[in-house]
1. Of all residues in the range 67-102, which are surrounded by fewer than 15 Cβ atoms within 10 Å (Cβ to Cβ), assigned to a loop (DSSP other than H, G, I, E, B) and either modelled with pLDDT of 90 or more or hydroxyl-bearing (S, T, Y) (or both)?
2. Out of A186, A95, report the one residue that is touching a residue at least 40 places away in the same chain (Cβ under 8 Å) and within 30 Å of E48 (Cα to Cα).
3. Would you mind stating whether K33 is assigned to a helix (DSSP H, G or I) and without any contact (Cβ under 8 Å) to a residue 40 or more places away in the chain?
4. Do you know which residues across the range 52-66 are in a helix (DSSP H, G or I) and surrounded by 15 or more Cβ atoms within 10 Å (Cβ to Cβ)?
5. Looking only at the range 156-197, which residues are assigned to a loop (DSSP other than H, G, I, E, B) and not basic (K, R)?
6. Which ones in the range 44-71 are out of contact with any Leu (no Cβ under 7 Å at 6 or more places or on another chain), more than 20 Å from D16 (Cβ to Cβ) and either basic (K, R) or touching a residue at least 24 places away in the same chain (Cβ under 8 Å) (or both)?
7. Exactly one of (1) within 22 Å of the chain's Cα centre (by Cα); (2) more than 30 Å from S148 (Cα to Cα); (3) surrounded by 13 or more Cβ atoms within 10 Å (Cβ to Cβ); (4) not hydroxyl-bearing (S, T, Y) is unmet by V36. Its number?
8. Checking E29 against (1) open to solvent by 90 Å² or more (accessible area, probe 1.4 Å); (2) at pLDDT 95 or above: exactly one of these is not met. Which one?
Amino acid sequence: MEVKLWNDKRERVMYDNLADLFAIIKATEKLEKAYVRDIISASEYEEECQKLIAQFKTLSSTLKDAVPNVERFHDTYKMDCPASLNRLVTSGVPATVEYRAAAAMSTASSAAVVAECVQNFITAMDSLKLSMVAVDQVHPVLSDLSSSLNKLSILPVDFEGKTKMSEWLSRLSKMGAADELTEQQARQLHFDLDSSYNSFMAALPTDGS
């Protein structure tokens, strides 16, 4: 006796689409594993993954009433495809694209912090040249510089600029807001800032490193 899974053409199309969705999820899982195991190249992976993601998005839209929740569909049929779910549902882009975006963001973020550090070094040295030597004038400037240096992950914990700024901030915190640095102290601070700035510039990676 022949058992029909559908009653009309519309239901048949739906079951065909469900089968395609199942196949796409399974294929994406295999693709993710092949990429992780270095069985295929990054360019091959990205091309195939883009296709599967596009097909998945189209089918998901078509099946939005029949399959409102892809994770539930995955669990119902005991598919065991966690990498596929992450790629198709959570991420929505190939891993290669994801990593490039993360690297670009990291580079852009580092560049912004480097610019901030340079600006804070210049501001601190210029302030001393303008005889702004009161504690309530010097402390905020050094605090900003110290904060920006600590944001930059490429600098070691014991970087000269970090330790010197920390020492100066500790010294200033023991003084009154209206107190002023002596000429000798101001000269030493400027020397420390100049020395730290040179060390900072030397610590930055070059294009070839």
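1. Within the range 67-102, P68, N69, Y77, K78, D80 qualify.
2. Numbers: A186 fails: within 30 Å of E48 (Cα to Cα).
After applying the criteria, what remains is A95.
3. Here the answer is no, as K33 does not meet what is asked.
4. Across the range 52-66, the qualifying residues are L52, I53, Q55, F56, L59, S60, T62.
5. As a first pass, look at the range 156-197 and keep what is assigned to a loop (DSSP other than H, G, I, E, B): 156-159, 174-179, 181-182.
Those that are assigned to a loop (DSSP other than H, G, I, E, B) and not basic (K, R): P156, V157, D158, F159, M175, G176, A177, A178, D179, L181, T182.
6. If the condition is that a residue be out of contact with any Leu (no Cβ under 7 Å at 6 or more places or on another chain), more than 20 Å from D16 (Cβ to Cβ) and either basic (K, R) or touching a residue at least 24 places away in the same chain (Cβ under 8 Å) (or both), then E46, Q50 are the ones that fit.
7. V36 satisfies every listed condition except (3).
8. Checking E29 against (1) open to solvent by 90 Å² or more (accessible area, probe 1.4 Å); (2) at pLDDT 95 or above, the one that fails is (1).
The values are calculated or read from the model by the stated rules, or taken from the named source; none is laboratory data. Just so it is clear, the structure is predicted and the values come from calculations on it, not from any experiment. Note: ideal-geometry Cβ built from the backbone for every residue, glycine included; neighbour counts use all protein chains shown. To get the accessible areas, we keep the full protein, side chains included, count just its heavy atoms, and leave off ligands, DNA and RNA. Shrake-Rupley method; radii C 1.70, N 1.55, O 1.52, S 1.80 Å.
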